[in-house]
Each structure stands twice: as C-alpha cells, then as structure tokens.
Amino acid sequence: MHLKTFRDSNNKKRIIGLTGSIATGKTTVSNYLAEKYGLPVFDADILAREAVAVGSPILEKFASRYPDILLADGSLNRPKLGSIIFNNSDERRWVESQIHPYVRQRFVEAISNTSHPTIVLAIPLLFEAQMTDLVTEIWVVYCNPETQIKRLMQRDNLSQEQAETRIKSQMSLEEKCNLATLILDNSTTQKNLQKQIDKTLKTQPK
C-alpha cells in the first residue's frame with residue numbers, strides 16, 4: 001500500500017475518486033466502503049447506464065450511428081457496443097464523448113446535494129474522462145497483470161486475447177498508480193484488501 005496526499009484544505013468535503021483498471025476490484029472496494037463505513041458511493045458505471053436508458057437522447061444518437069445496436073425491447077445491446085468500442089479507438093472516444101458529460105453533471109449534482117463529509121466517486125475512467133478536478137484524493141485499485149487477465153476472462157467469459165485487448169484499450173494501470181494518492185493492492189485476498197482500506201480510514205481524517 002502506497003500513500004501520499006494532496007487534499008485540498010479549502011474543500012469541506014473529502015471526495016475520494018476510486019478508480020483502477022478493468023477487473024482489478026473497484027466494485028469490491030466501493031461495496032466495502034458503503035457497507036462497513038456507510039459512505040455514500042456514486043458509481044460512474046450506473047450513471048452511464050442511466051445515460052443510455054431506453055428513449056434517452058444519447059441512446060437515440062447511438063442508434064443512428066450504429067445499425068442494429070438496439071435489442072428488441074429498445075434497450076442497448078451492450079455486448080455489441082463493447083465489441084465495437086474495444087476494437088476501434090475512434091469509436092470508443094465518440095461514445096465516451098456522449099456519455100462523459102452526462103456522468104460528470106450527475107456527479108456535480110451528487111456532490112452538491114450530499115451532506116456527508118466523505119463521498120466516494122467510483123470512476124473507472126477517472127483520468128481518461130478528465131474528472132480528477134471533482135475529487136480531493138485518488139484511490140487506485142491495483143492487481144498484478146496475470147491476476148487481472150485471469151479475473152477478466154472468468155468474469156466476462158473472454159478469451160485471453162479479448163481480455164488483453166480490453167485492458168490495453170484503457171490507460172495503463174502503472175500510469176494510474178503514478179498519479180494516485182493511495183494504491184490498494186488487490187493481487188491476493190479480499191481480506192488483505194479490506195485491511196488496507198481499514199488502515200487508511202483509521203489513519204486519515206474523516
């Protein structure tokens with residue numbers, strides 16, 4: 001566990017930006033923070049799903065750009081969209097340019113409307129989406145490459161090549177760790193990961 005701090009003393013709220021790479025364990029950390037410590041967690045993935053809800057303007061843009069991207073019920077065919085954006089960086093950037101402004105606005109609203117002194121923003125693409133200005137500290141969930149690939153293959157039923165392609169489509173985990181306030185190593189057990197979180201929250205101001 002590596003810790004350095006750059007908290008903004010002028011900001012009354014402690015806003016933790018929780019990030020990492022695909023399949024490193026971000027959800028495990030956010031769930032633990034919510035369940036054990038009662039911290040309000042706002043998840044970019046959930047907000048991104050809201051952005052493309054049936055009938056939304058963003059989903060209509062997707063339907064215009066990609067033939068047959070909608071399922072029979074009018075919802076987004078996520079596996080098909082994933083196959084497009086993980087293999088074409090230009091299309092990935094276009095999709096993100098539609099979703100990120102919506103997600104950012106919802107985060108701004110959440111920060112403004114939440115009275116708790118500590119807030120967690122779970123943002124897988126925290127750096128890529130240029131949302132670091134929303135947070136006072138950055139927690140990166142790390143695991144070694146071999147473990148990451150194995151977890152991703154099992155979780156999403158992918159081949160090793162598919163898993164590696166998805167990992168490489170994101171900013172490298174090493175780069176994210178270099179920009180982190182805190183690095184949580186999730187290469188071993190969940191219990192060890194929780195111990196790192198407990199130690200951090202017990203030694204850092206709430």
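The values are calculated or read from the model by the stated rules, or taken from the named source; none is laboratory data. Predicted model, so just to flag it, every value in this text is computed and none were measured. With ideal geometry, Cβ positions are generated from the backbone for all residues, glycine too; neighbour counts draw on all protein chains shown.
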### Task
Restricting attention to the range 153-165, report how many residues are part of a helix (DSSP H, G or I) and out of contact with any Leu (no Cβ under 7 Å at 6 or more places or on another chain).
9
### Task
Would you check which residues across the range 175-205 are touching a Phe, Trp or Tyr at 6+ places or on another chain (Cβ under 9 Å), part of a loop (DSSP other than H, G, I, E, B) and either among the basic types (K, R) or surrounded by fewer than 19 Cβ atoms within 10 Å (Cβ to Cβ) (or both) and list them?
L179, S187
### Summary
Exception for T24 within (1) in a loop (DSSP other than H, G, I, E, B); (2) of a type outside the set (A, V, I, L, M, F, W, C); (3) within 20 Å of I123 (Cβ to Cβ); (4) at pLDDT below 95 falls at (4)
### Residues of the range 129-173 that turn out to be acidic (D, E) and buried (at least 17 other Cβ atoms within 10 Å of the Cβ), as a count
1
### Summary
Residues of the range 83-114 being over 28 Å from V135 (Cα atoms) and in contact (Cβ under 8 Å) with a residue 40 or more places away in the chain, in sequence order, are N87
### Query
Regarding V41, is this residue of a type in the set (A, V, I, L, M, F, W, C), surrounded by fewer than 14 Cβ atoms within 10 Å (Cβ to Cβ), farther than 17 Å from K195 by Cα and modelled with pLDDT of 95 or more?
no
